Amino acid sequence: MNNLHGGDLLSLADLNADELHDLLTLAAKLKYGDLRPRCDGKVLGLLFYKASTRTRVSFSVAMCQLGGQVIDLNPSTTQVGRGEPISDTARVLERYLDILAIRTFAQQDIATFADYADIPIINALTDVYHPCQILADLLTVRECFGKLNGLTLTFLGDGNNVAHSLLLGCALTGVNIRVATPPEFKPDDAIVARARQLATDSTIAIVDDAKAAVEGAHVLYTDVWASMGQEDSAVDRLPVFQPYQLNSGLVQLAAPEAIVLHCLPAHREEEITTEVIEGKQSRVWDQAENRMHAQKALIASLLGLVV
Ligand code: CP
Ligand code: NVA
C-alpha cells in the first residue's frame, strides 16, 4: 500500500491514481474495523476561516478514534485573524502540531502554509478545491457499485470547488464525468485541462444542457448554487441555475440504479428538491458518514501509521 507519509493534500492532483486507490481501500478497511492504526499523542490542528459542520466534526472524531487530539484554532481568537503573516504562523504551528487541516478562501494561502510548515497540511476546502469531500464521495460510489472505473457521474450546478475536485478525482479513478452548468459558471479551464491530462481511461464533458448530461448517468451530484463567500449574489443566481435543479424529472433520465449525492449543506427546492434528497436513490447520509472514514485514512496515511 502506498502511504503519503509527510506529504500534503492541497488538491487531489497531489495524488496519483494508485495513491488515491490505496487511500480509498484504507478508508474501507478502517470503516469495517479491519485495521485499527493508532496515533496516540499526535495533535491535529483545525484552522477554519469558514463555517463547517461535517468537515470539522468528522476530522475531530477521526483523530479521536485514532487516539490523537484536536486543537481548534479559531481565526477570530488567534493572531492570524489580526493579520499575522501565514509564513510566521505556519513556522510556529509546525513546532506544536503534527498535522494541520485548513479551510479558507484562497488556494494560495494553503500553498503558503505548506511551503512554510514541515508537517502535513490538508485542504479542508478553499474557493478552488474540496479534496476531502471527494475522497468520501468516491468511497460512497465505490461502495454502491463495487467499482469506479467505467461509471458516469454528472455534476449539476455551479462549476465550483466541489466540481473542480470531482473533475480531478473522477479523472484519477476512471469515472466519466459530465459537468453541466450555466455557460457563465463553468469550471476553471486550467483545472479542466489538468483533469484531461490525468484521465487515462475516462471522458470529461463540460456542457450546459442538464437533461443531456444526466442521461444514463450512474451518479447524480449537486451542490449549492452560491458557495461560502458568494452569499451576496445568491438571489441573482436563482433564475440562472433553475434549469440545473436536481429534481425527479432529471433523476428519471439517469440509469435506473443511479444514486444521488450532495456534499451538504443543501438548500432544498433550490439545487435539489426535497423529494430527491429524501428519495430512495439518495445516498447523502452515507456520503456524509464517509467523510470520517476517508479522512481517518488520510490522517493515517499522512502520519505514516500504515505501511
Ligand atoms: N460538505 C462539507 O464540507 O460540509 P461542512 O461545510 O459542514 O464541513
Ligand atoms: N461549494 C460549497 C461547499 C460547501 C461544503 C462552498 O464552498 O460553500
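The values are calculated or read from the model by the stated rules, or taken from the named source; none is laboratory data. Predicted, not measured: the structure shown is a model, and the values here were computed from it. All Cβ positions, even for glycine, are placed from backbone atoms using ideal geometry, and neighbour counts span all protein chains on display.
Of the residues contained in the range 156-175, one or more are found to be within 16 Å of ligand 2 (Cβ to nearest atom) and at positive phi. Considering only the range 87-99, I want to know if a residue exists there that is within 22 Å of Ala266 (Cβ to Cβ), surrounded by 15 or more Cβ atoms within 10 Å (Cβ to Cβ) and in contact (Cβ under 8 Å) with a residue 12 or more places away in the chain. For the range 87-99, residues within 22 Å of Ala266 (Cβ to Cβ), surrounded by 15 or more Cβ atoms within 10 Å (Cβ to Cβ) and in contact (Cβ under 8 Å) with a residue 12 or more places away in the chain: absent.
Do we have any residue at all in the range 117-136 that's modelled with pLDDT of 95 or more, among the hydroxyl-bearing types (Ser, Thr, Tyr) and away from ligand 2 (no atom under 16 Å from the Cβ)? Please lay out each step first, then the result.
Start the filter on the range 117-136 by keeping residues that are modelled with pLDDT of 95 or more, which leaves 117-136.
This time we only want the ones that are among the hydroxyl-bearing types (Ser, Thr, Tyr), so: 126, 129.
Those still in the list that are away from ligand 2 (no atom under 16 Å from the Cβ) too: none.
No, the range 117-136 contains no residue that is modelled with pLDDT of 95 or more, among the hydroxyl-bearing types (Ser, Thr, Tyr) and away from ligand 2 (no atom under 16 Å from the Cβ).
Being surrounded by fewer than 17 Cβ atoms within 10 Å (Cβ to Cβ), within 17 Å of Asp158 (Cα to Cα) and away from ligand 2 (no atom under 16 Å from the Cβ): is that true of Asp209 here? It is true that Asp209 is surrounded by fewer than 17 Cβ atoms within 10 Å (Cβ to Cβ), within 17 Å of Asp158 (Cα to Cα) and away from ligand 2 (no atom under 16 Å from the Cβ). If you filter the range 40-90 down to residues that are more than 16 Å from ligand 1 (Cβ to nearest atom) and touching a Lys or Arg at 6+ places or on another chain (Cβ under 8 Å), you find that the one that is farthest from Met228 (Cα to Cα) is Gly67. The set of residues in the range 40-64 that are away from ligand 2 (no atom under 16 Å from the Cβ) and buried (at least 17 other Cβ atoms within 10 Å of the Cβ) comprises Lys42, Leu44, Gly45, Leu47, Ser60, Ala62, Met63.
Sub-8 Å Cβ pairs linking a first residue in the range 258-286 that is within 15 Å of Val214 (Cβ to Cβ) to a second residue that is of a type in the set (D, E, K, R) and away from ligand 2 (no atom under 16 Å from the Cβ), at least 6 apart or interchain, are Ile259/Arg283; Val260/Arg283; Leu261/Arg283, ordered by first then second residue.
Taking the condition away from ligand 2 (no atom under 13 Å from the Cβ) and farther than 22 Å from Ile177 by Cα, does Val235 pass? Give the steps one after another, and end with the answer.
Values: away from ligand 2 (no atom under 13 Å from the Cβ): yes; farther than 22 Å from Ile177 by Cα: yes.
Yes.
Only one of the numbered conditions (1) modelled with pLDDT under 95; (2) surrounded by 22 or more Cβ atoms within 10 Å (Cβ to Cβ) is violated by Val141, and that is (1). Among residues of the range 9-39 being in contact (Cβ under 8 Å) with a residue 60 or more places away in the chain and of a type in the set (Gly, Ala, Ser), the one that is farthest from ligand 1 (Cβ to nearest atom) is Ala17.
Determine whether the range 228-243 contains at least one residue that is closer than 18 Å to Asp127 by Cα and of a type in the set (Val, Ile, Thr). The answer is no; no qualifying residue exists.
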